[in-house]
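Engineer: There's a structure below that I have some questions on.
The values are calculated or read from the model by the stated rules, or taken from the named source; none is laboratory data. Just so it is clear, the model here is predicted, and its values are computed rather than measured. Every residue, glycine among them, receives a Cβ derived from its backbone with ideal geometry; neighbour counts consider all protein chains shown. These area figures cover heavy atoms from the full protein model, side chains too; ligands, DNA and RNA do not enter into them. Shrake-Rupley method; radii C 1.70, N 1.55, O 1.52, S 1.80 Å.
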Amino acid sequence: MKKQTSREMLHALADNQLDSKDIPHLLEDIEANPELQAELCEIRRVKDLVKYAYPLKQSTSRVLAARWGQTMGKVAAVLFLTIGSFSLGWYNSTIHEDTLGNIASVQAESNKSIIFIGYSDRERFQKTLVKAEELLQRKNNPQAEVYVVASAGGIDLMRTNVSPHQHEIKKMLAQHDSLHFVACNNTIYRYKKEGKPVNLIKDVEVAPSAVEFVANRINKGWNYISI
Amino acid sequence: MVFPGLKRQLEQHRNRLYRQAYSWCGDGMLADDLVQDALSKAIRKKDQLREQAKTEQWLFRILHNCWMEYLRRNRPLTDLDSIQLVDEVSPEVDLGKLQVVEAVRYAVGQLPIGQRQVISLVDLEEFKYSEVAEILDIPVGTVMSRLSRARMSLKKNLFHLKAAPVVKQPSLRRVK
């Protein structure tokens with residue numbers, strides 16, 4: 001099979017577009033080739049990310065235009081502006097409190113940071129720990145929280161017998177209640193499938209998906225640093 | 001032949017059409033206009049719908065035509081595949097600072113239009129390659145090659161978002 005053909009077949013498999021007769025041969029190829037396995041995994045990740053980025057939401061609902069509807073819309077707009085001008089003073093007094101509440105909430109979340117590492121790289125490991133320590137020192141307040149989140153090769157930082165910083169991580173965790181190390185379960189699962197058992201350093205936490213973990217917190221206003 | 005309840009059926013597709021248009025153009029207001037235009041055209045041309053089972057493809061095809069028409073009006077004499085969406089975020093901006101959703105949308109927006117349309121029709125609407133070919137009026141082979149190239153680019157540009165998002169099970173568990 002040519003390389004290009006293989007790639008397109010992989011996409012077709014991921015998209016559930018293949019005839020059932022083609023699937024067994026392709027699966028045999030994939031089973032025998034770790035490169036194809038990794039490629040298929042990447043295709044599925046990209047698919048998931050695209051779906052995640054475009055959730056199905058209500059569009060700004062405009063009823064199909066009918067002439068009477070447009071006319072009534074103009075009348076309604078005039079009424080809205082008239083009534084709106086009377087109620088503006090009341091609205092301002094209520095929205096002000098809501099806005100202040102939101103600002104306070106965002107400020108509280110801004111004490112929290114995520115450091116994301118996705119590579120097995122000694123230099124990046126070192127940078128990650130230095131950055132975590134720096135953030136904890138800089139924030140220096142009881143609400144400060146730092147999550148080191150690892151995915152793909154990055155979880156090597158948190159694996160016993162693999163991480164060059166095992167003792168340092170244990171020491172940091174003992175020193176700071178507000179410091180957390182989180183490993184991605186998708187990656188752990190993949191490692192296990194590849195025959196690489198994953199033993200994590202004590203007190204390292206596991207999230208089902210690093211991307212989702214990070215996305216949820218960024219949406220809440222957490223700081224995000226990618227190493 | 002006019003199928004009963006067509007108008008209601010068209011309205012039911014509005015959100016999906018909007019998501020598709022938004023993924024193509026990256027602009028909420030323009031997406032809304034395109035969908036409105038497509039639905040109005042669908043109602044005007046309802047007699048052209050031959051098979052009710054193919055309503056979806058027919059609608060997305062009209063949406064595609066509206067988008068092409070918009071591009072022709074606004075970007076004349078330009079090869080559609082060569083058009084890159086310009087975003088206010090420059091390459092120098094650290095993508096790590098963007099939210100995941102924004103990072104993915106930015107990467108999708110960087111794809112040539114043809115690739116962007118194919119990936120959104122396959123990944124968001126889960127159309128078959130043959131249906132995408134019909135909607136966009138291109139050969140199935142072109143659908144496959146555009147899809148492959150689109151995903152290669154996204155993989156490269158989204159390397160920092162390694163793991164796939166899982167919607168359920170948001171909790172943490174502690175490992176002892």
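Engineer: Beyond a 32 Å Cα-Cα separation, which of these cross-linked pairs lie in this structure: A:K57/A:K196; A:K112/A:K171; A:K21/B:K46; A:K57/A:K131; A:K47/A:K171; A:K220/B:K41?
Structural biologist: Flagged as over cut-off: A:K57/A:K196; A:K21/B:K46; A:K57/A:K131; A:K47/A:K171; A:K220/B:K41.
Engineer: Here's another thing I want to ask about it. For a quick check of understanding: with a 1.4 angstrom probe and all protein chains in place, what accessible area in square angstrom does B:D27 have, to the nearest ten?
Structural biologist: Near enough 70 Å² of accessible area.
Engineer: Within the set of other residues whose C-beta is less than 13 Å from the C-beta of A:V130, count the net charge using Lys and Arg as +1 and Asp and Glu as -1.
Structural biologist: Surrounding charge for A:V130 is +1.
Engineer: May I pose another question? If one takes the accessible area of chain A alone plus chain B alone and subtracts that of the pair, with a 1.4 Å probe, what total in Å², rounded to the nearest 100, results?
Structural biologist: 5500
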